[in-house]
Amino acid sequence: MAASGRTRTVADPPMVTVGIDLAGYTGTTGVCRITWAERPVVDILDARSDDDLLAAVRTADKTGLDSPIGWPVAFTSLLAAHRAGTELPVRSRYAPHSDGREGLGRFTHRLTDDVAWKRTGAGRRRPLSVAADKLGIVAMRAVDLLDRLAEEGPAIPRDGSGSVVEVYPAFALIQWGLASEDSYKNSKPAALLARAAILAGLVDGLGIDIGERERDRCTRSDHDLVALISAVVARAAACGMTHPPATAEERELAAVEGWMHLPVRGLPLAAVRNGF
């Protein structure tokens, strides 16, 4: 399926997805474009400015953005009450985890964070808080980019049903069985080996063409590797292979807070490549 939900035909050009590992500043932002031809082709793009990011997004059928695109409703209600000097909302948590652990806090985390954390079984690897962590500055940049895209057409839905979908690459790797024991997000030798192993799993599973330049950049830089993963999740989302908001509460909050699309667990990467 195309990002619009229309069935693609043989006469259509190959689907193009873009992945963006968004950072608060351009220097550590990664961008990857995949052209899903019979043998998919990977290109790592330069991201010198927001204009570069917007240009990349405009070339894609679907873009996977590694950044929150909204804040918890409870958190924004807290700020509004504090500003107005009215009674503050009561602190609360989402429902407990099936293993008995407390759910995430509603002030610090969105519903999608809690759902994804529980769905993946990520344990101690909880999503960062967009409300109470440095991730907030990344989200500010993300919503500005979406606002600029909307200047050219309709607003970008925050639930991922439009041309941009929120992704969480670390959780996607769990769903695909490619998560590493060692962190892949630093400059230590163990992280380099972890990135090489993740890249090998993606290349083998997808059957993609990746040049020496792209292979080297994804091995040396976690930002480029995360951008590649994000582009693959964008493909999965475009083909209906991720978890959209399912309940009435999820759909209501996703429209405001955003929604993290996780790949369906157990679905082989070859299915993502083929689109069915």
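Points worth noting:
- Candidates 127, 169, 13: whichever shows maximal mean-square fluctuation once the chain is modelled as a Gaussian network with Cα springs under 10 Å: 13
- Solvent exposure of the range 226-268 as accessible area per residue, Å², 1.4 Å probe: 34
- For the range 19-31, the Karplus equation 6.51 cos²θ - 1.76 cosθ + 1.60, evaluated at θ = phi - 60°, returns couplings of x, 10, 8, 7, 10, x, 9, 5, x, 10, 8, x, 9 Hz by residue, with Gly and Pro reported as x.
- 11 Å beta-carbon shell around residue 245, net charge (K/R +1, D/E -1): -3
- For residue 132, neighbours were defined as the other residues whose beta-carbon sits under 13 Å from its Cβ, and their charges (Lys and Arg +1, Asp and Glu -1) total +3.
- For the options 114, 204, 21, a Gaussian network treatment of the chain with springs between C-alpha atoms closer than 10 Å singles out 204 as fluctuating the most.
- Coupling constants for the range 266-275 follow from the phi torsions by the Karplus curve (6.51 cos²θ - 1.76 cosθ + 1.60, θ = phi - 60°), and in residue order they are x, 7, x, 4, 4, 5, 5, 4, 6, x Hz; glycine and proline get x.
- Residue 222 sits among other residues whose Cβ lies under 13 Å from its own Cβ, and their net charge, with Lys and Arg +1 and Asp and Glu -1, is +1.
- Placing unit charges on the Cβ atoms only, positive for Lys and Arg and negative for Asp and Glu, gives the range 84-234 a dipole magnitude near 560 debye about its Cα centre.
- Rounded FRET efficiency, nearest 0.05, which uses the C-beta distance separating residue 49 from residue 12 and R0 of 30 Å: 0.45
- Ligands, DNA and RNA left out, the accessible area of the chain computed with a 1.4 Å probe is 54% carbon and sulfur.
- Cα-Cα P(r), the range 158-241, percent of pairs per 5 Å interval: 3, 15, 26, 25, 17, 10, 4, 1
- In order through the range 195-209: 3J(HN,Hα) via Karplus (6.51 cos²θ - 1.76 cosθ + 1.60), integer Hz, x for Gly, Pro: 5, 4, 5, 5, 4, 4, x, 5, 4, 5, x, 8, x, 9, 8
- Springs join every pair of Cα atoms under 10 Å in this Gaussian network model of the chain, and among 143, 130, 90 the largest mean-square fluctuation is at 90.
- In the chain, the DSSP beta bridges split such that about 60 percent are antiparallel, to the nearest 5.
- Volume per residue of the C-alpha convex hull in the range 28-83, rounded to whole Å³: 131
- Proximal lysines relative to residue 185, as straight alpha-carbon distance under 22 Å, when same-chain residues fewer than 8 apart are discounted: 134
- The chain, relative contact order in percent, only Cα pairs under 8 angstrom and at least six apart counted: 28
- Cross-link partners for residue 188 among the aspartates and glutamates, with Cα-Cα distance under 15 Å and sequence neighbours closer than 8 places in the same chain left out: 222.
- About the Cα centre, charge dipole magnitude for the range 1-110 (Lys/Arg +1, Asp/Glu -1 at Cβ), debye: 440
The values are calculated or read from the model by the stated rules, or taken from the named source; none is laboratory data. Please read these numbers as outputs of a predicted model, since none were measured by experiment. FYI the Cβ positions are ideal-geometry reconstructions off the backbone, even for glycines, and counts take in every protein chain you see. When the accessible area is computed, the model is the full protein with side chains, heavy atoms only, and any ligands, DNA or RNA have been set aside. Shrake-Rupley method; radii C 1.70, N 1.55, O 1.52, S 1.80 Å.
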